Amino acid sequence: MALMQCNFYSEVLGLSTSMNVIIPQETHSQIGMEGHTTGGRHPVLYLLHGLSDDHTIWLRRTSIERYAAAYGLAIVMPNVHRSFYTDMQQGGKYFTFVSEELPRLTESFFQVSDRREDRFVAGLSMGGYGALKLGMSLPDRYAAAASLSGATDITSLYKRGDEEYTAEIKRIFGSLEEMQGSSNDLFHLAERLSAAEPGTRLPQLYQCCGTEDFLYDDNIRFRDHVRQLGIELTYEEEPGMHEWGYWDTKIQRVLEWLPLSR
């Protein structure tokens, strides 16, 4: 695997930003692992960080490079700060950035595929929200979306935390009334997905959360809502908290679950 630390300018955000990218490399003499490629342009997983993190965190807290080597899978890890992958009420257009500009630039900088069947998204916590939002908003562009301990019910964030945190959430999403039923509401996106025209290709969805996680109840509400709508969802839970030991284990499960062409 080759690791690229990429600094570039975003026209959408109007600022310079960064991403880390792991690119498959065919290797046989590395100690401890072999690298594989699928030939041609690589399938790609956009791997999203959480609220307090940045584009470096998956490399620093997990062995994602080693795990991905066997799959011939490129991993793109962008920096979106504390944006919730959203076109903020007061701030940057981060959903437009990750959904439109980031894939276009990635496909121009690196040899990654632009085909829906080769494009996946996953993330943890805030990034789990972002992954489900991308997958359900753009089913024609993503073959699969995976949430690890995701912030699946944004309405609960308005009621959790101190006054300063609530004010931050409002700067991102606006008022609770503005957020509910909008393109930022995962429950609404699931309803819209379930009402898609017959024959519409839906992304495969994966969700997991530890039973001791403070977001567990939110995840259960979202799981039940999606299943009541008749949307296929792979859901897994086991003992675990909101921490990297859990996510290091579960990202390996996500890589196994992805519908990669072998």
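The values are calculated or read from the model by the stated rules, or taken from the named source; none is laboratory data. Treat the numbers as computed from the prediction; the structure is a model and nothing was measured. Ideal geometry is used to build each Cβ from the backbone, glycine not excepted, and the neighbour counts take in all protein chains shown.
Can you find, within the range 141-166, the residue that is nearest to Cys209 (Cα to Cα) among those that are in a loop (DSSP other than H, G, I, E, B) and of a type in the set (Gly, Ala, Ser)? Spell out how you get there, then give the answer.
In the first step, residues of the range 141-166 are kept if they are in a loop (DSSP other than H, G, I, E, B); the result is 141-143, 149-153, 159-162.
Imposing the further condition that a residue be of a type in the set (Gly, Ala, Ser) reduces the set to 143, 149-151, 161.
Working: Ala143: 21, Ser149: 4, Gly150: 7, Ala151: 10, Gly161: 20 Å.
In this case the residue turns out to be Ser149.
If you take the residues in the range 53-72 that are within 15 Å of the chain's Cα centre (by Cα) and assigned to a loop (DSSP other than H, G, I, E, B), which one is farthest from Thr17 (Cα to Cα)?
Only one residue tops the list, namely Asp53.
Among the residues of the range 140-185, how many are of a type in the set (A, V, I, L, M, F, W, C) and over 17 Å from Ser83 (Cα atoms)?
Our first condition is that a residue be of a type in the set (A, V, I, L, M, F, W, C); within the range 140-185, this holds for 143-146, 148, 151, 154, 157, 167, 169, 172-173, 176, 179.
Within this subset, residues satisfying the condition of being over 17 Å from Ser83 (Cα atoms) are 143-146, 148.
Residues meeting the conditions: 5.
So, in the range 9-35, how many residues would count as being more than 30 Å from Gly91 (Cα to Cα) and surrounded by fewer than 18 Cβ atoms within 10 Å (Cβ to Cβ)?
Residues of the range 9-35 more than 30 Å from Gly91 (Cα to Cα): 23-35.
Next cut, surrounded by fewer than 18 Cβ atoms within 10 Å (Cβ to Cβ) only: 25-34.
Residues flagged as more than 30 Å from Gly91 (Cα to Cα) and surrounded by fewer than 18 Cβ atoms within 10 Å (Cβ to Cβ) within the range 9-35 amount to 10.
Give me the residue from the range 184-207 that is more than 24 Å from Tyr94 (Cβ to Cβ) and not in a loop (DSSP other than H, G, I, E, B) and, out of that set, modelled with the lowest pLDDT.
In this case the residue turns out to be Ser194.
Looking at the range 209-222, which of its residues are touching a Phe, Trp or Tyr at 6+ places or on another chain (Cβ under 9 Å) and surrounded by 18 or more Cβ atoms within 10 Å (Cβ to Cβ)?
Cys209, Gly210, Asp213, Asn219, Phe222
When you scan the range 130-140, do you find a residue that is surrounded by fewer than 21 Cβ atoms within 10 Å (Cβ to Cβ), in a helix (DSSP H, G or I) and out of contact with any Ser or Thr (no Cβ under 8 Å at 6 or more places or on another chain), even just one?
Among the residues of the range 130-140, not one is surrounded by fewer than 21 Cβ atoms within 10 Å (Cβ to Cβ), in a helix (DSSP H, G or I) and out of contact with any Ser or Thr (no Cβ under 8 Å at 6 or more places or on another chain), which makes the answer no.
Of all the residues that make up the range 67-100, how many are over 30 Å from Met179 (Cα atoms) and either among the hydrophobic types (A, V, I, L, M, F, W, C) or at pLDDT 95 or above (or both)? Don't jump to the end; show me each part of the working.
Our first condition is that a residue be over 30 Å from Met179 (Cα atoms); within the range 67-100, this holds for 67-75.
If we keep only those that are either among the hydrophobic types (A, V, I, L, M, F, W, C) or at pLDDT 95 or above (or both) too, we end up with 67-70, 73-75.
Count: 7.
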